[in-house]
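One structure below.
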Amino acid sequence: MTLATLPVHDWQFWVVTAIALVAAWLVLRMVVPARWWPWKKRRAGRPASLTIGGKTVPRK
Amino acid sequence: MSDSGTSAGTVAEQGSSKPGFQESAPSIAIDPLAPAGPKGPVRIALLGNPNTGKTTLFNRFCGLRHKTSNFPGTTQEARTGFLRADLGSPIELVDLPGVYSLELEQSEAEICRRVLAGTLAPPGRVLAAPDAVCVVIDSTNLARNLLLVGEALRRRLPTVVALNMIDLARRQHLVISPPALERLLGCEVVPCSARSGEGLVELGAALATARIANFTPPGTQEGLEDWAMQTAGAVQQTRRSARSERARAKSSGATDRLDRLFTHPMAGLAVFATVMFGLFWTIFSLAKFPMDWIDLLFKSLGGWVQAALPPGILSDFLANGVVGGVGATVIFLPQICLLFFLISLLEDTGYLARAAFVMDRWLRPFGLSGHAFVPLLSSHACALPGIMACRAIPDRRDRLATILVAPFMSCSARIPVYVLLTVVLFPGSALKQSLAFSACYVAGIVAGLLSALLARRTILRGPGRPMAMELPTYKAPSLLTALLTTYDRGLLFLKKAGTNILAIVVVLWWLSSYPQVAPPPEATQARAQAAAAAPIEQESLLAEAARLEGSHALANSFAGRIGRTIQPVFEPLGYDWQLSIGVVTSFAAREVFASTMAVIVAGTEETDETVMAKISSATRSDGVTPVFTTATSWSLLIYYVLAMQCLPTLAVTAREAGGVRWAFLQLAWMTGLAYGAALLVYQSLRAAGVA
């Protein structure tokens, strides 16, 4: 495959490609859990409905 | 926990145990996101037995729409919302899960105990005991509900007792004297009906002036039980005329007769199966018309986009990619709305609790307790709340087994795939479609039960616990609740179609449109022949050339190359590269399958057919073999019944089960089982000569 097989001289191609890239980014965000992103600062503890002193409720 | 309404409030002052209320009666302004006033929010906890209408009351006060039903244990977590009185101080209501006693060793009871003790607070709030407790009790079952009132009074917190379902008590000719009860309890008692709204203004006013009771109930369990019985006997009397007594006896007899039928080991199961089949048949029969309308609407929209824009990439992208792709998912909205509407009505009648009772006997041989019924039932809407509902299962092994098998239950995301495939398999027969649809649900349940049995016999070996559940009274279903549930679920589905599914569809369209390749020699030849042919033959030759070009372009696109790479994995199941792409893309969310099919197989040809018809009649690369043969469709159906195609579910499993290993086990087991079953079905049908 070469660039010639892509309609690079058509401005509409670049518009749909930009939209597709944004969509691909959204799909990636949806598929890969947030905590796996290297730039995501990991929060201490895990999300909880209710907390005791900032810590989750231990379940029995 | 839903954090609705919690974000706008500020942190309450530490130790502000005295309520900052004035004695003037507040007019209740519904404002779920009310900002905190100068004094900070005043926290009031709603406490009560299961199924006493706490969440209905909470929703009434806060203008929220949390799920309510005539089924004990619907609320599993504490939730907060704001009730704002005209006092400058917003009131934060904490809707606690229903408990029969604060002393039980259950996660719900522990949450209640800790909230009341001030050792547990909603995220972002300072740890402090609530400023007041509103104990919601069922007026028709006073003696049992007073046990919890007694336990709450022992906490020495400002308390108000909401005598809920007072309208139901009146209908049952039960006369309760609130002033007498107030004297005996030493705190304010307000008769009300959260369902009809009766007495809620008075209850709001009472909450504003809540005081610590000047009475402490007995400390021992026996003493408390005696006190509850005596108190209930002293304030409640039955005023029934001979005529009303006959009516009551008749009504009670009817309830007993219904219960005998609905909870009978065999007849109860038959009723359950009939109700479920009737539900699905109704869905298929009624949803057909709006589905056709939506299909036509999206087709017209696509046509309008193509007519409005000059021919080119953008026009093709919008008409075939965005409108066609999203339309292929939105088309299933009527089914989803109807399913939730009917289930909500059924839940509200009180029938589902009887169904749980019947199912307990059937769950036990598979190593699950009756407690698993509610999570498994919830999983039919979505596995996420179902898995979270497993917190209420007291036994760890029971809980883990239920979490592992909950995704086998057919969730609403599977509906588009089931509908698509059953329509392809049985075109024009609502009866056969609904039978196949019901069979998918049954297959999911059977697979879940057998998997639970296997888990309980191997990795989760151990004894089970018996189940006790209160059967709620039969009620006329609330149309409003059903409509609100339907609206919420429908909106959620549309939101998903407009975000996640749209994003996947856009990427798929790009991948299936590029790179562009030269037309195949056969197509060029067909066009040359068409130029020289008679007008009558010209049309068919041009159509054949267009089909060859479209098929060649798609096969050589990025999507085609990816599909052909992964196809060997799915080839034994009868899937070509187009279906292989559909299966892989729907790993993120099952409902994406329909949209993928719309973009990949239906988006290439311009015909007058609707999206569903295009998908049904789509052919493979050879232009002859249908994509959906009978054997392939059955194989796909089985695959989607059993496969774990939902990433958020895996994340919740890891969190709730307490380890990623459980999520991996779930993924490996479900996918392996789905692959094996689909392989068996396809190869068996092929061997039997079914094309």
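The listed residues are B:THR216, B:THR140, B:THR159, B:THR209, and the only one of them that is of a type in the set (S, T, N, Q), in contact with an Asp or Glu (Cβ under 6 Å, 6 or more places away or on another chain) and touching a residue at least 40 places away in the same chain (Cβ under 8 Å) turns out to be B:THR209. Screening B:VAL330 with (1) touching a residue at least 60 places away in the same chain (Cβ under 8 Å); (2) of a type in the set (A, V, I, L, M, F, W, C); (3) out of contact with any helix residue (DSSP H, G or I) (no Cβ under 6 Å at 6 or more places or on another chain) gives one miss only, at (3). Here is a check on your reading of the model: is B:VAL599 part of a helix (DSSP H, G or I), touching a Leu at 6+ places or on another chain (Cβ under 7 Å) and assigned by TED's automatic domain parsing to the domain that holds B:VAL330? Yes: the conditions hold for B:VAL599. Checked against (1) surrounded by fewer than 24 Cβ atoms within 10 Å (Cβ to Cβ); (2) touching a Pro at 6+ places or on another chain (Cβ under 7 Å), B:ARG364 meets all criteria but (2).
Quick check: anything in region B:349-359 under 20 Å from B:VAL424 (Cα atoms) and of a type in the set (Lys, Arg)? No - not one qualifying residue is present in region B:349-359. Here the condition is being more than 24 Å from B:PRO217 (Cβ to Cβ), modelled with pLDDT of 80 or more and not charged (D, E, K, R); of B:LEU93, B:LEU148, B:LEU142, B:LEU116, it holds for B:LEU93 alone. How many residues are part of a helix (DSSP H, G or I) and within 13 Å of another protein chain (Cβ to nearest Cβ) if we restrict to region B:640-662? Adding up the residues that qualify gives 12. Considering only residues in region B:518-553 that are outside any helix (DSSP H, G or I) and not small (Gly, Ala, Ser), the one that is farthest from the other protein chains (Cβ to nearest Cβ) turns out to be B:PRO520. Summed over region B:109-151, residues that are away from chain A (no Cβ under 14 Å), closer than 22 Å to B:ALA208 by Cβ and β-branched (Val, Ile, Thr) total 5. Among the numbered conditions (1) farther than 30 Å from B:SER196 by Cβ; (2) away from every other protein chain (no Cβ under 14 Å); (3) surrounded by 13 or more Cβ atoms within 10 Å (Cβ to Cβ), the only one that B:ALA503 does not meet is (2). Checking each residue in region B:649-691 for being among the aromatic types (Phe, Trp, Tyr) and either at positive phi or within 22 Å of the chain's Cα centre (by Cα) (or both) picks out no residue at all. When region B:501-517 is filtered for residues that are over 18 Å from A:TRP14 (Cβ atoms) and in a loop (DSSP other than H, G, I, E, B), only B:VAL517 remains.
Figure legend. Inter-residue proximity from region B:470-484: first residues assigned to a loop (DSSP other than H, G, I, E, B), second residues at pLDDT below 85 and of a type in the set (A, V, I, L, M, F, W, C), beta-carbon distance below 6 Å, spacing 6+ or different chains. Indicated pairs: B:LEU471/B:ALA353; B:PRO472/B:ALA353. B:LEU168 - would you say it is within 14 Å of chain A (Cβ to nearest Cβ) and either among the β-branched types (Val, Ile, Thr) or out of contact with any Gly (no Cβ under 9 Å at 6 or more places or on another chain) (or both)? No, not satisfied. Taking region B:306-404 as the region of interest, the helices (runs of 4 or more DSSP H) fully inside it that hold 2 or more residues being within 20 Å of the chain's Cα centre (by Cα) are B:324-330, B:333-349, B:351-363, B:373-378, B:383-389.
The values are calculated or read from the model by the stated rules, or taken from the named source; none is laboratory data. What you see is a predicted model; the values in this text were computed from it and never measured. Positions of Cβ are generated from backbone atoms using ideal geometry, with glycine treated the same way; all protein chains shown enter the neighbour counts.
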